[in-house]
Amino acid sequence: MMHFLLLFSRQGKLRLQKWFLPLPERERKKIVKDMTTMVLSRKPRTCNFLHWKDLKIVYKRYASLYFCCALENKDNELLALEILHRYVELLDKYFGNVCELDIIFNFEKAYFILDEFLMGGEIQETSKQSIAKSVEASDMLQETMEEYMSKPAF
Amino acid sequence: MALKIVKGSIDRMFDKNLQDLVRGIRNHKEDEAKYISTCIDEIKQELKQDNIAVKANAVCKLTYLQMLGYDVSWAAFNIVEVMSSSKFTYKRIGYLAASQCFHEGTDVIMLTTNQIRKDLSSPHQYDTGVALTGLSCFVTPDLARDLANDIMTLMSHTKPYIRKKAVLIMYKVFLKYPESLRPAFPRLKEKLEDPDPGVQSAAVNVICELARRNPKNYLSLAPLFFKLMTSSTNNWVLIKIIKLFGALTPLEPRLGKKLIEPLTNLIHSTSAMSLLYECVNTVIAVLISLSSGMPNHSASIQLCVQKLRILIEDSDQNLKYLGLLAMSKILKTHPKSVQSHKDLILQCLDDKDESIRLRALDLLYGMVSKKNLMEIVKKLMLHVDKAEGTTYRDELLTKIIDICSQSNYQYITNFEWYISILVELTRLEGTRHGHLIASQMLDVAIRVKAIRGFAVAQMATLLDNAHLLTGNTQRNGICEVLYAAAWICGEFSEHLEDPMQTLEAMLRPKVATLPGHIQAVYVQNAAKLFATVLRKHEGETDSHAAQETSQLLIDRLPLFVQSANLEVQERASCILQLVKYIQKLQQKKVEVAEEVTALFAGELNPVAPKAQKKVPVPEGLDLDAWINKPPSESESEDEKPKAVFAKEEPKHSRSRHTEVDEKELARRREARKREQANNPFYIKASPSSQKVYDAPGVEHIPVVQIDLSVPLKVPGMPMSDQYLKLEEERRQKEKAERKKEKKKKREKRGKERKADSGPESEEDIAPAHQVDIVTEEMPENALPSDDDDKDPNDPHKALDIDLDKPLADSEKLPVRTHRPEVLKSPAEDRVNESIPQETKKRSGKEKKEKKKGKEKDRKRSKEEKKKKKHKEVEEELLESHPEEAVQSEETKEAATPPTSTSAEASELDFWLCSAPVPPAAQEETAPSSAAAVDTSSAAAPESEPDEPKDAEPEDTKSSKHKKKKQKKEKEEKEKKKKKRHHHHHHHSNAGGEDSVQNGTVEEEEPLPPMSNYFLLAENSYIKMMKEDADQVYDIQGNHQDESKVVVSVIFENKSDSFLKSMEFNVLDSLNSKLQRPEGAGAHDSLTVPFQLPPGISNEAHFVFSVQSIVMPQKLKGTLTFIVKSDESSTHEKLDFKLHFTCTSYLITTPCYL
């Protein structure tokens, strides 16, 4: 089971955080700090796995963003890399050539996509098509509501 | 209405939305905090408005701020407000905010229960979906309890989108509310065969997670998963299933055998690295579980190692890393197959990536042999020189020491080489591990006697050049080495060439800058050296040299007397006075050397670090007992003196005990001597002890003594290399000699043994020195105990629930009714829940009643069976440990009632057993592989539904039923009786059969002529047999509590004498403890409640409490008894080992659909 997924920039700024276990705020902050310092201090072209406490940390850098997740001891690291990659693919498909700014300005969308892909630290849906479909469908629902609300009534 | 909308949109025009906020933050980089605090003020204003759109916008912004690290817990209630909006747009934002901000401590969570329930049953699938997603992040035990039933219903929703989410969230619900697992499990199991692949994979995920924590409860699902594995093409799912099998195989070796083939096929065929890696890992797990005597699996090992080699050789650092990681797992069980890839591992040491180097180092640890140790360490030493970071260098240093010192210096053939390696390591600057090197030096010098001369010379050099070590800083960790050096030089000073010079080195003024504890050792050992010098010069006509030494000490010691360190000061002033006195005597020409040496006489032996802990508490000593009368606190303690008085009585009998004990002691001493004689590492009294090699053809190899005239005086030069060369030369020489001899032999024997002339094997390398490695001393009778422990707070422990037991009514998930009804008093609620759960939760009152009933029953049966003598004895047992007896009976109840047990068990057995049969194996390889399995596993559920019904009434309480039960009990007893008869008949073949199915033999009336008892231990007097099928039973309803295991042991008197006073004792481990009557100490033995006339056997039960059943256990125990014949009575002892395998904890129970 994945414990958390973090996205942060090269400067160590958090861009997205998903906690699959409910942790107190203090602890979360500490973990984020640990992760950013650990991962950012890795040299390029080193392997993407780290040991941290009793968890395995798997991270990967895509453009200016680091994707970093924590696995339990018996989980498959390569599978986690696949998950990160799949998430990037999904973001890419949704935003169209995704960049860091897309995630900053539409951070709630990034969460919605993630929620369709992973749930409770497990893979929920492995098919890209059905994830895209359900994200789109919920967006449609939302868009219509927003249009309705922002339509000038005078 | 229209006006309101207008007002809302006007408000919105002035609001900042999320994009504005983000932009604003980016534009205010220099005063971000200030900007955000104004934003938060705005947000607070927005939250006060009625318009839900404005609120939602505010909450959305808060979610962003929360990520930046700002506290937003004050808005928790507003988040709930937005969550409960009827519009999806806002609901979505509300749930997102909740999932990001809520945690267990958030108090408004309890307000959300009804809202979430409403959303779960919403007609719009996305409403439900959003609620499930949010809930998965912040589910609390209360929410889990209240919503479990709703979510369970959703698992059968028409839309797969909802089904898969419901299935996944169930795992979180199980964790928070373990009681929901059993009622929900059948439905979860159904989802494994859901038509929608997403739902199927979700179910696989959840069950795999559950099964990895408590594999034994899911063993019965193996056929189903096997089918999925062979039919699925989805790699994501396959990986999970294969991982699950990795968790199951240790419990059921037959499963492993069945898996090997499909897994190796996958390894050959797949192109996905993640799947390949998972397969290799599971194959390794299988091979580990099969490690004993499966020669035909060497092909699988080879395959794994080959594939891993490919991974390691890959340019992808990740694959390299994982390959090394997996390799280290193989190394533990099949070191030989990994060792052949030494070149590759050594290559990885040069990798740029530190993580990879560290993994490679781990592997090296297991790859060294006598032959390659020097070479590997040489390579590591090169790395030490090159290493840039201190952390990596320190890691290397510890690894070098680990590698060399592993298993009692097993691989070191030349200790001079090792000492020089240690000395070279002292040249590392700024290492933290000075103490590690020091303790190695001490250990080697003390335990390897032959090396002392050399070690002392080296240490003297070190002391002489101490300034090189302490050069830079005070805090330099390496100066710890001087501690060892000083002690070795002092303690073994007779080996010193020039003690005077060393003494001088130890008393230099610079020494005063060393840490206090090192100075103290310096001072003390200076005195030892002084004694040596005196003795050396004794008898010389010119006493000048000796007097000079005294003068040196008297000159230099005052420096230490002034030390701020108490220890140094005290020792220095003592020794100073002593030397002054000696000097006076010297001036009077009195011979003092003898007496001074006597001060330091005697040899120190190494003591094992755990020795103190392992001292067994002597018989009759109760450490918990009061020595004096405890201070009486109140009048109610008045009875205490009585108790003390009563305890006095056994004392008399104890004094009688001691007589016996002396014999016993003598016997033990004998045994110990024998043991020591067989221990090659034990140093014997005679100096002629040598390592004896039993290997044929080795004894005639002469041990070549090498004249070591290597100049050792230059401290700055590495010299371990020279040893490497010397060692090679030596081995060449030996080889040559051996060849000569072999030639001779071959001439005689012809070409008979051609195969033998391969590369030299391990044993062929004789150590350069005659080495005695003195073992660390341990107290007599110390028994090794495994110190493994498990985390008691593991949330998954609560999920260790037997899923195959039929479901009781009470266990059904709480369904929503009117509030007041559900929420009666919580205590009552719990009672209601627990009553019908029968075997699991029982209110104390009922338990008592039951006990009474049972006791009555027992009495009645007692009367009936009084004729049988040994039966009566057993009743005594029951009475003497009433609680245990009840427990064991309950255990049986739990194991016996459902008749389908055996059916289910045999189902699995059948499936597993079919593997080795050739036709079945062939079918597996065929494309329609799953077919055979399919039919067998499909047959099971069909035949089942009516069977659990038989068991169902067991759970509904009625007085009628109680009677039935009593009857049943009686029947059981009769069965037991029969069973025992069987044992009597079949002692002879006991031990041969290891039946894995528990209990089945017991239930089926037409018993096959075999016993599931096997031999525990025997001697000429008595034979002990243990029943293989231990029965586990969770006595407490609370799953956090430990479980109990009942072990039945048959004692058979094989002698012509009467056996009595049998006492059974087991040395508890952390995991398994023998249940002793209250008040007994942890080491007291249990009296076996019967005596054995010649030729008679009887059975006794012992209850063990077990913390974890996923750990196999080996418990050592002893049975003491008195053999009484006509003329004499002797005290005898029999040692045995109780082996609890994981499978022996299993009870097979039906799978409930």
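The values are calculated or read from the model by the stated rules, or taken from the named source; none is laboratory data. Just so we're clear, the structure is a prediction, and the values are computed from it rather than from any experiment. Using ideal geometry, Cβ is built from the backbone for each residue, glycine included, and neighbour counts are taken over all protein chains shown.
Part of a helix (DSSP H, G or I), at pLDDT 90 or above, under 26 Å from A:Pro22 (Cβ atoms) and under 43 Å from the mean Cα position of the chain (by Cα): does that describe B:Leu96? Yes, satisfied. Once region B:332-357 is narrowed to residues that are surrounded by fewer than 19 Cβ atoms within 10 Å (Cβ to Cβ) and under 27 Å from the mean Cα position of the chain (by Cα), the residue that is nearest to the other protein chains (Cβ to nearest Cβ) is B:Lys332. Considering B:Leu248, B:Leu259, the condition of being assigned to a helix (DSSP H, G or I), surrounded by 22 or more Cβ atoms within 10 Å (Cβ to Cβ) and touching a Pro at 6+ places or on another chain (Cβ under 6 Å) is satisfied by B:Leu248 alone. Among the residues of region A:25-39, is any part of a loop (DSSP other than H, G, I, E, B), out of contact with any Leu (no Cβ under 8 Å at 6 or more places or on another chain) and modelled with pLDDT under 90? No, because not a single residue in region A:25-39 is part of a loop (DSSP other than H, G, I, E, B), out of contact with any Leu (no Cβ under 8 Å at 6 or more places or on another chain) and modelled with pLDDT under 90. Residue count for region B:20-63, restricted to those that are loosely packed, with under 14 Cβ neighbours inside 10 Å and small (Gly, Ala, Ser): 2.
Taking the options B:Ile356, B:Ile376, name whichever one is closer than 17 Å to B:Gln317 by Cα and either without any contact (Cβ under 8 Å) to a residue 40 or more places away in the chain or assigned to a helix (DSSP H, G or I) (or both).
B:Ile356
Of the listed requirements (1) under 14 Å from the mean Cα position of the chain (by Cα); (2) facing another protein chain (nearest Cβ under 10 Å); (3) under 30 Å from B:Asp127 (Cβ atoms), A:Leu21 misses just one: (1).
Comparison of B:Ile267, B:Ile310, B:Ile284, B:Ile301 shows that the only residue that is under 28 Å from B:Pro1112 (Cα atoms), away from chain A (no Cβ under 14 Å) and either among the β-branched types (Val, Ile, Thr) or not in a helix (DSSP H, G or I) (or both) is B:Ile301.
Test of understanding: among B:Ser315, B:Ser292, which residue is modelled with pLDDT of 85 or more, surrounded by fewer than 23 Cβ atoms within 10 Å (Cβ to Cβ) and in a loop (DSSP other than H, G, I, E, B)? Every option except B:Ser315 fails the conditions.
Number of residues in region B:480-523 that are aromatic (Phe, Trp, Tyr) and touching a Ser or Thr at 6+ places or on another chain (Cβ under 8 Å): the value is 0. Only residues that are within 24 Å of A:Asn106 (Cβ to Cβ) and charged (D, E, K, R) were counted in region A:17-28, giving 2.
Of the residues making up region A:55-107, those that are away from chain B (no Cβ under 14 Å) and basic (Lys, Arg) number 1. Scanning region A:127-143 for residues that are facing another protein chain (nearest Cβ under 9 Å) and closer than 14 Å to A:Tyr87 by Cα returns A:Ser127, A:Ser130. Just wondering, is there one or more residues in region B:313-328 that are over 24 Å from B:Leu255 (Cβ atoms) and more than 14 Å from chain A (Cβ to nearest Cβ)? Yes: one or more hits. Among the residues of region A:76-132 satisfying the criterion of being polar (S, T, N, Q) and at negative phi, which is surrounded by the most Cβ atoms within 10 Å (Cβ to Cβ)? Going through the qualifying residues, I end up with A:Gln124.
If only residues of region B:188-210 that are within 11 Å of another protein chain (Cβ to nearest Cβ) and charged (D, E, K, R) are counted, the one that is farthest from A:Glu122 (Cα to Cα) is B:Asp196. Test A:Lys43 against the criterion of being more than 28 Å from A:Ser134 (Cα to Cα) and part of a loop (DSSP other than H, G, I, E, B), and give yes or no. Judged against the criteria, A:Lys43 is a match.
What do you reckon, is B:Gln524 surrounded by fewer than 24 Cβ atoms within 10 Å (Cβ to Cβ) and over 27 Å from B:Leu604 (Cβ atoms)? Spelling it out, it is not the case that B:Gln524 is surrounded by fewer than 24 Cβ atoms within 10 Å (Cβ to Cβ) and over 27 Å from B:Leu604 (Cβ atoms).
What is the residue count in region B:58-93 for residues that are part of a helix (DSSP H, G or I), of a type in the set (Lys, Arg) and over 17 Å from B:Leu135 (Cα atoms)?
Matching residues across region B:58-93 total 1.
Is one or more of the residues making up region B:102-119 within 26 Å of B:Ala203 (Cβ to Cβ), out of contact with any Gly (no Cβ under 8 Å at 6 or more places or on another chain), within 12 Å of chain A (Cβ to nearest Cβ) and not in a helix (DSSP H, G or I)? No, because not a single residue in region B:102-119 is within 26 Å of B:Ala203 (Cβ to Cβ), out of contact with any Gly (no Cβ under 8 Å at 6 or more places or on another chain), within 12 Å of chain A (Cβ to nearest Cβ) and not in a helix (DSSP H, G or I). For beta carbons closer than 7 Å, sequence separation of 6+ or different chains, a first residue in region B:120-146 that is within 11 Å of chain A (Cβ to nearest Cβ) and closer than 21 Å to A:Pro24 by Cβ and a second that is of a type in the set (D, E, K, R) and surrounded by 21 or more Cβ atoms within 10 Å (Cβ to Cβ), the qualifying pairs are B:Ser136/B:Lys172; B:Val139/B:Lys172. Screening A:Ala137 with (1) farther than 13 Å from B:Arg92 by Cβ; (2) modelled with pLDDT under 90 gives one miss only, at (1). Here B:Ile575, B:Ile554, B:Ile582 are screened, and the one residue that is assigned to a helix (DSSP H, G or I) and touching a Lys or Arg at 6+ places or on another chain (Cβ under 8 Å) is B:Ile554. From the list B:Lys258, B:Lys243, B:Lys227, the one residue that fits, being over 15 Å from B:Gln200 (Cβ atoms), of a type in the set (D, E, K, R) and touching a residue at least 60 places away in the same chain (Cβ under 8 Å), is B:Lys258.
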